[in-house]
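The values are calculated or read from the model by the stated rules, or taken from the named source; none is laboratory data. Please read these numbers as outputs of a predicted model, since none were measured by experiment. Here the Cβ positions follow ideal geometry from the backbone for every residue, glycine too, while neighbour counts run over all protein chains shown. These area figures cover heavy atoms from the full protein model, side chains too; ligands, DNA and RNA do not enter into them. Shrake-Rupley method; radii C 1.70, N 1.55, O 1.52, S 1.80 Å.
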Amino acid sequence: MPNISESISRIRQLIQEARHAASKIKVPMKFNGSSGVLVRNPSNLADLAAYTSLKLYITLTAPTRRRRAEEASSQFVFYLGNNDSSKEFLGMTLEGKRLRWHFNVGGETADVLMTEDLSADGHFKAVVMERILQHGRMSMTYTSDQDVQETTKVKVEAKGDAGLLNLLTNDTVFYVGGYPDTFKPPPPLNVSSNFKGCIQLDTLNEEVLSLYNFEKTFAINTTSERPCIWSKAVRTEPWETDGVYFDGTGFAEVKLQSEHLTKSDKLEQEVKMVSRSGILLLLLNGTRFLCVAVVQGNLKVFYDLDGKLKEALTTNAAFLPISDAEKRNVDLILLETDFVVRNNYQIIYKEEVSMTQFDSTYYLGGVPESLMPESLKAIFPKQGSVKACLRSVKAKNSHVDLKRMKTSGVSFGCDADLLVSREAYFGGQSYLEQASEGTPCLRNDFYASFGFRTTQADGLMFFHKDQVGALTAVLKGGHVVVNDSRTSIRTEKTYNDDNSHYVAIYNNAKGMRILMDDVLEPGSIGKGDASEKGKTVSSSSTFLGGKPDTGLSNLTGCLSNVFIKRENVELKVLNLVKVKENVNVPFDCPASKTPQQIIAAPPRQSRKMKGRQRKLSETLHQGGGESCQQLEPPSEGGATLFSGSTHSYQRYDSSSSLHHFSMELKINSSDGLVLLADGRRHSGAVMSLGVSKGHLVLVVDGPSGRDSLRPKKKYNDNQWHTVFVKHEGQKISLVVDGINARSMRLPGARITGPLYVGGAHVQSRTWTLPDLLAAQGTLPCFQNLLQPGVFFSGAGGHVRIDDSVVLDRDVEIQLEVRPASDSGLLLHAETSDLQLSVILVEGKVTASVNNGERKFSTSVSPPAPLCDGRWHAVTVVKQNKSLRLQVDGASSHRVGPKQNRSAGAKAALYLGGVQGGAKAARLPDGLAAFKGCVRRVTVNHRAVPLSKPLSVHGTVGTRGCPPA
């Protein structure tokens, strides 16, 4: 019988399949003016940040006489954004019979009114809202009275530099038709009535969605308010009505009435393929199979009819390419002594074989993981699913209705908008070349932007060359460096943290401006029209992810939502399927690794507290015990978790020989360093234990050169494994789980410290090592999943997140905190003559300004303890000589002495503590170390990313917070 974990996993899988199925329901929902739906959030909210495309169908219901007078009033249509509606969002209202689209990406809310009316005759009109950063476009497609399909488009551009829609999973809501009383919409959407009419959602960033995949409904009654009868006022292409969309996650199981597929049978289908790798068609008979697949964008045929995997040889290479989303007829014909595969009726494979019969059940677009032939697993991961559209599927000259077949990851109706790819994965030896017609020259307001995600420190991401020069964007040591022939700008922070980031590049005759995640980088010029007369360049080239002829290494990682502004061309992100040249670049990006829990063992106390310091400390800790009764989150005893960053490691010192190491590892990364013994200081060898492509690898650099051990089995399965390294005489052994032993000779090698542990996403416990000399960024492992934020363990530690705060000018800092104790330092910033601090003492929050001679402060005492397991908003505003503090809904302010404005010295901003401790920062002696979580920090309305701080000191977890 399956164990509990397997049963829970299966239940989760079924729930996910049910939600996928609900997303495929294409039925309109009728709203009566008081009803509404909370739609389940899309799977990848991060994909909406730079680019958002939402398509829906909408119609009004015929008004009664009593309601005609109300037609001119505004109605709420939808809201997609933060639950705190003062932040970024997309929304729509109806004004009379015209739709108005609103969006906010961090600055002023932009809006645009459609110039065409909605109809109330039951005919649906297709509405598409498309946003690229600050640029928005709304279109409405309908059939005119002259029976001609027309499209009306309107455009809008938001003001300012901010262009990212920042949405977090736990704080995002998607209301359609109406909303509950507990939600307060932003002012533009706070209108007189909810929607009266019918809506059918279609896609959001090429993800099929439906109103019936909801979390909650409000006053929906399908008995009294029957769904509108579907009648499109839009002509559709055949693919939109009878095409079948495979989204790259599933398959179709085709069951035929006959007993077998055998000689003279033919399988036919029209195909529009996007994926560059996967299974199009698979026939099975026990362990025997015949597979028509896609590999690197070309049609391939693999078969095993006699116990050996073989690849068919093509007879017509010109017809092999298929991954361009163009329509093709792909046929498989089984004959008596061979099989034939045709592309657009051209024979591309004809293989003589000892033909066998196959089961009457075959698979399209992928295969269940449990049925994947063993010899194909090395070629196709998991199900081998493809992203494609299929139509006119036939078997044995009979039509196959896929609606009657078992399917997964399949929806019916295939819009051309689904057959695009906005992201791609680059493997270090690959690149894309893009045709660049109509692109302005680099001196004539050139603009390009793209998203990226990588753990690689170095690599070429973007290259553009025209008649006046070349512009490159590369990673160097994790920093993004953008340069042309005149200017080079290097980002202050590093971005190779496996998180999604977005860079925007403006270039003209005046210079260059770089925005990283909506923040202007130092060294960028100001705005302004400074174009040369070079105008549009006719000949230019653009490369993504690398180049074939450069000294720079190519990128290993993902690029997405690439946008290059062109003259007289509609603003669109690049469809990477339609590039000029694709060199080994697939269009699916591997998911980022699970955020790591960074917990540390308690540090040693270096000295005892005395006198007043001890007294205040005792008072603070006593207060914490009375008001904060939170239990410690469950952790795995004796386990330490490393974040995979340079801020997370343990160090052990030993000058004597190290003969053995034993540990338990739980690894969820395919590559990284587990431990390193660097004996060069003591004339010893260098030994490292790491993970490479899931395999453990032991490497020793000694007097006789480099030697290595590599067990065949992979261990990055997120399970505990016992690892033992033994150095005895002239032999070193690696033993995993007591059975998988590997040994090699190691003459003359001596292994000593110092020993470094960490440097990869690796959990470890049960160490038999010398005394711990130093630890940073390591904390005990929590059993539960983490939430976004930075975790402070209460054992000491702080992070430096910004170096550009100017304290003698107006400053506003916002953050959300979830304390686990009622005393501690929340934030601190100071220059040589001015400091700003926010502290928590026995539940009271105090903000203070100190110029060395005078100090003034203001405090808020919340009615209930802040350490209640909930998030609380804290805002401190220093303006002229006034200081205001707000904690949730309570606020206080204080007017202090007049301050002299200096030259604008920049201060470092710390969270959770400060360099040198409370005494060095002129804070109360004995102030406890902050314990709890911090998230969503903004400085002067500029978001400060916490996942990659400027520095980490002590026991701090930057990858997430344990749940309360």
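Does the stretch 924-939 contain at least one residue that is open to solvent by 50 Å² or more (accessible area, probe 1.4 Å), out of contact with any strand residue (DSSP E or B) (no Cβ under 8 Å at 6 or more places or on another chain), under 20 Å from residue 794 (Cα atoms) and of a type in the set (Gly, Ala, Ser)? So far as the stretch 924-939 goes, no, none of its residues is open to solvent by 50 Å² or more (accessible area, probe 1.4 Å), out of contact with any strand residue (DSSP E or B) (no Cβ under 8 Å at 6 or more places or on another chain), under 20 Å from residue 794 (Cα atoms) and of a type in the set (Gly, Ala, Ser). The test for being hydrophobic (A, V, I, L, M, F, W, C) and farther than 13 Å from residue 281 by Cα holds for residue 347.
Filter the stretch 393-425 down to the residues that are over 32 Å from the mean Cα position of the chain (by Cα) and either surrounded by 15 or more Cβ atoms within 10 Å (Cβ to Cβ) or not assigned by the TED database to the domain that holds residue 260 (or both) and list them by number. Write out each step before concluding.
The first filter runs over the stretch 393-425 and keeps only residues over 32 Å from the mean Cα position of the chain (by Cα), leaving 393-405.
Residues satisfying the conditions are 393, 395, 396, 400, 402, 405.
Does residue 651 meet the test of being modelled with pLDDT under 75 and in a strand (DSSP E or B)? Outline the logic, then answer.
On the way: modelled with pLDDT under 75: yes; in a strand (DSSP E or B): yes.
When the stated conditions are applied, residue 651 passes them.
Look at residue 817 and say whether it is among the β-branched types (Val, Ile, Thr) and buried (at least 22 other Cβ atoms within 10 Å of the Cβ).
In short, yes.
The C-beta contact set for the stretch 237-249 (first residue surrounded by fewer than 21 Cβ atoms within 10 Å (Cβ to Cβ), second residue in a helix (DSSP H, G or I) and not small (Gly, Ala, Ser), distance under 9 angstrom, 6+ apart or interchain) comprises 249/20.
Listed by position, the strands (runs of 3 or more DSSP E) enclosed by the stretch 783-897 that each have at least 3 residues that are in contact with a strand residue (DSSP E or B) (Cβ under 8 Å, 6 or more places away or on another chain) and not aliphatic (A, V, I, L, M) are 790-806, 811-819, 824-830, 844-850, 855-860, 872-879, 882-887, 890-895. Scanning the stretch 303-325 for any residue that is in a strand (DSSP E or B) and open to solvent by less than 30 Å² (accessible area, probe 1.4 Å) turns up at least one such residue. Can you work out which of the residues in the stretch 332-350 that are of a type in the set (D, E, K, R) and surrounded by fewer than 19 Cβ atoms within 10 Å (Cβ to Cβ) is farthest from the chain's Cα centre (by Cα)? Taking the candidates together, the pick is 336. Taken over the stretch 103-128, the criterion of being touching a Phe, Trp or Tyr at 6+ places or on another chain (Cβ under 8 Å), crowded, with 22+ Cβ neighbours inside 10 Å and within 18 Å of residue 81 (Cα to Cα) is satisfied by 103, 104. Restricting attention to the stretch 330-382, the residues being outside any strand (DSSP E or B) and of a type in the set (S, T, N, Q) number 7. Restricting the first member to the stretch 371-393 and to residues that are closer than 15 Å to residue 270 by Cα, and the second to residues that are small (Gly, Ala, Ser) and not in a helix (DSSP H, G or I), the beta-carbon pairs closer than 6 Å and six or more apart or on different chains are 386/275; 386/278; 386/365; 387/248; 387/275; 389/243; 391/243. Scanning the stretch 208-253 for residues that are part of a strand (DSSP E or B), in the same structural domain as residue 41 (by the TED database) and modelled with pLDDT of 85 or more turns up 214, 215, 216, 217, 218.
For the stretch 694-725: of the residues being part of a loop (DSSP other than H, G, I, E, B) and open to solvent by less than 30 Å² (accessible area, probe 1.4 Å), which is farthest from residue 671 (Cα to Cα)? Steps first, please.
Restricting attention to the stretch 694-725, the residues satisfying the condition of being part of a loop (DSSP other than H, G, I, E, B) are 694, 703-704, 710-713, 715-719.
Now restrict to residues that are open to solvent by less than 30 Å² (accessible area, probe 1.4 Å): 694, 711, 715.
Numbers: 694: 6, 711: 15, 715: 11 Å.
Here the answer is 711.
For the stretch 254-292, the candidate set comprises residues that are in contact (Cβ under 8 Å) with a residue 24 or more places away in the chain and part of a loop (DSSP other than H, G, I, E, B); within that set, the residue that is least open to solvent (accessible area, probe 1.4 Å) is 274. Only a single item in (1) part of a loop (DSSP other than H, G, I, E, B); (2) open to solvent by 20 Å² or more (accessible area, probe 1.4 Å); (3) touching a His at 6+ places or on another chain (Cβ under 9 Å) is not met by residue 470, and it is number (1). Scanning the stretch 168-200 for residues that are closer than 27 Å to residue 935 by Cα, open to solvent by less than 20 Å² (accessible area, probe 1.4 Å) and not in a strand (DSSP E or B) gives 183, 185, 186. In this structure, is residue 458 among the charged types (D, E, K, R), open to solvent by 30 Å² or more (accessible area, probe 1.4 Å) and under 21 Å from residue 424 (Cα atoms)? Here the answer is yes, as residue 458 does meet what is asked.
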